[in-house]
Amino acid sequence: MIASMLAQRTHAPNLLIIFEAGGMGPQIPVLPISVGDSRTFWKAVGASSMHDVMSACQAGYIDYGFLGGAQIDPYGNLNTTCIGNHDLPKVRFPGSGGANDIGSLSNKTIYIMRNQAPRTFVNKVDFITTPGYLTGPGAREKAGLPEGSGPFRVITQLGIFDFEEKTKRMRLISLHPGVTLEQIKENCSFELLIGDNIETTPIPTKEEIKILHELDPQGVSIGK
């Protein structure tokens, strides 16, 4: 939420933010606490419903969906359901909510994984809540999902990743300042593809930091 709010106030003033609970095109004053917060309808072009939002996804109107998860694998399959056997799990998570719809039907999906570690970047997720590229090239389309859709970027506390076109496997494209390639590899349980020209993620400008604090005065997302 805060990333889209920042974009709307800087380089993307015409960005149309759509919330799962039905807020369409709001001009959000400060960071909402959830996708159903009344602030997600502030000065919106529409106050609709989850049904209409998911219908917009199905009709191909959503350019980018944003998701997080507990586990992700090399093909961008996401788990927000459980750790361990589904019928007798070690840990039970909230489940899909709208994540399956968003990841299946948005034109592109961006994952924000706040804790990249060997237990979160796994060779095979314990349960596929949201399909990425499933088993590789062509698998999404074979399953009936829109052609050309799928994971676009993965953003973690260590770096930024995309998905290599031929193999559909996750690939490192940018390191955050101060992070080494060794740290990336140490916090990944599968063989990660490495881009030819690894960039360094730009740090936020002073103006961006100022706006972020205005958007999140309670420090819920970015801290005090």
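Descriptive notes on the structure:
- Selection of segment 2-57 for residues being in a helix (DSSP H, G or I), open to solvent by 50 Å² or more (accessible area, probe 1.4 Å), over 19 Å from Ser106 (Cα atoms) and not hydrophobic (A, V, I, L, M, F, W, C) yields Arg9, Ser38, Arg39.
- Criterion applied to Thr130, Thr180, Thr167, Thr135 was being β-branched (Val, Ile, Thr) and touching a helix residue (DSSP H, G or I) at 6+ places or on another chain (Cβ under 8 Å), and the one residue passing it is Thr130.
- Qualifying residue in segment 72-79 (condition: open to solvent by 30 Å² or more (accessible area, probe 1.4 Å) and in contact (Cβ under 8 Å) with a residue 40 or more places away in the chain): yes
- Some residue of segment 55-62 being touching a Cys at 6+ places or on another chain (Cβ under 7 Å) and touching a residue at least 12 places away in the same chain (Cβ under 8 Å): no
- Among the candidates Gly150, Gly195, the residue that is touching a Lys or Arg at 6+ places or on another chain (Cβ under 7 Å) and under 19 Å from Asn100 (Cα atoms) is uniquely Gly150.
- Within segment 121-132, restricting attention to residues that are in a loop (DSSP other than H, G, I, E, B) and touching a residue at least 60 places away in the same chain (Cβ under 8 Å), the residue that is farthest from the chain's Cα centre (by Cα) is Asn123.
- If you go through segment 81-103 and keep only what is crowded, with 21+ Cβ neighbours inside 10 Å and either closer than 19 Å to Phe19 by Cα or of a type in the set (Phe, Trp, Tyr) (or both), you end up with Ala99, Ile102, Gly103.
- Selection of first residues in segment 88-109 that are within 12 Å of Ala70 (Cα to Cα) and of second residues that are at pLDDT 95 or above and among the β-branched types (Val, Ile, Thr), restricted to Cβ pairs under 6 Å at least 6 apart or on distinct chains, gives the following pairs, ordered by first then second residue: Val91/Ile83; Phe93/Thr80; Phe93/Thr81; Gly95/Thr81; Ser96/Thr129.
- When segment 173-210 is filtered for residues that are over 22 Å from the mean Cα position of the chain (by Cα), within 30 Å of Gln27 (Cβ to Cβ) and not acidic (Asp, Glu), the ones remaining, listed by number, are Thr205, Lys206, Lys210.
- Subset of segment 72-93 (residues that are assigned to a strand (DSSP E or B) and of a type outside the set (Lys, Arg)): Ile72, Leu78, Asn79, Cys82, Ile83, Gly84, Pro89, Val91
- Scanning segment 58-68 for residues that are in contact with an Asp or Glu (Cβ under 9 Å, 6 or more places away or on another chain) and within 15 Å of Pro151 (Cβ to Cβ) turns up just one, Gly65.
- Within segment 94-120, being in contact with a strand residue (DSSP E or B) (Cβ under 6 Å, 6 or more places away or on another chain) and either charged (D, E, K, R) or not in a loop (DSSP other than H, G, I, E, B) (or both) holds for Ala99, Asn100, Ile102, Gly103, Lys108, Thr109, Ile110, Tyr111, Ile112, Met113.
- Cβ-Cβ under 6 Å pairs, at least 6 apart or on other chains, segment 23-37 side free of Cβ contacts under 8 Å to residues at least 24 places away in the same chain, far side open to solvent by 50 Å² or more (accessible area, probe 1.4 Å) and of a type in the set (A, V, I, L, M): Gly25/Leu16; Gly25/Val45
The values are calculated or read from the model by the stated rules, or taken from the named source; none is laboratory data. Note that the structure is predicted; figures quoted are calculated from it, not measured. Every residue, glycine among them, receives a Cβ derived from its backbone with ideal geometry; neighbour counts consider all protein chains shown. Surface areas here come from the heavy atoms of the whole protein model, side chains and all, with no ligands, DNA or RNA. Shrake-Rupley method; radii C 1.70, N 1.55, O 1.52, S 1.80 Å.
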